[in-house]
Amino acid sequence: MEFAGYGGTQGYKRLCLGAAPVLFAWPTLALQPMIALVWQWFGFTALWYADAKVTGLGWTPKWYSQYRFYLSILVGTCIIGSLAGTSYYGPVAGHGFLSHDLDLIREERKKMLPQRSGFIPGDIEVAPAGESVDHYVRIHHKHHGEPKVEVLSRN
């Protein structure tokens, strides 16, 4: 809008307003994801407020303020939805506010689970099948007192 001279030539003031979102957003990439989303929400809200003010000063067309309002509502809803969804459904890879508490709860649940491996008495045993076959384990009867001899076939 500066090139068109809309609302008069503003110079560096309009340039700074146009560069502010980029200068604000890039450092948030170094933050933790949830904290970055909060800062980005504040940034979008502040940018909407600034755009509403400059529209009132005549720097932009009247429709631009309404356009920015709906855009800010959409982006703000998405950011807040991401924050709420992550807090409700649980974090992915520890990105949530409550990830430490959830890790403690998961450790407690693991302690309460029954053991899934160990010795089960019976006449059948499972042994690794070897690399030359198309399955992972071999199920066979136990050999009591006899040494295990594996027969290799020449195929």
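The values are calculated or read from the model by the stated rules, or taken from the named source; none is laboratory data. These numbers were taken from a predicted model, which means no experiment stands behind them. Ligands, DNA and RNA are excluded from the accessible area calculation, which covers all protein heavy atoms including side chains. Shrake-Rupley method; radii C 1.70, N 1.55, O 1.52, S 1.80 Å.
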Worksheet item: Just how much of Leu17 is accessible, in Å², when a 1.4 Å probe is used and the result is rounded to the nearest 10?
Response: 40
Worksheet, complete the sentence: Long-range amide H partners of Arg138, meaning residues 5 or more apart or on another chain whose placed amide H is closer than 5 Å, are Ala127, Ala129
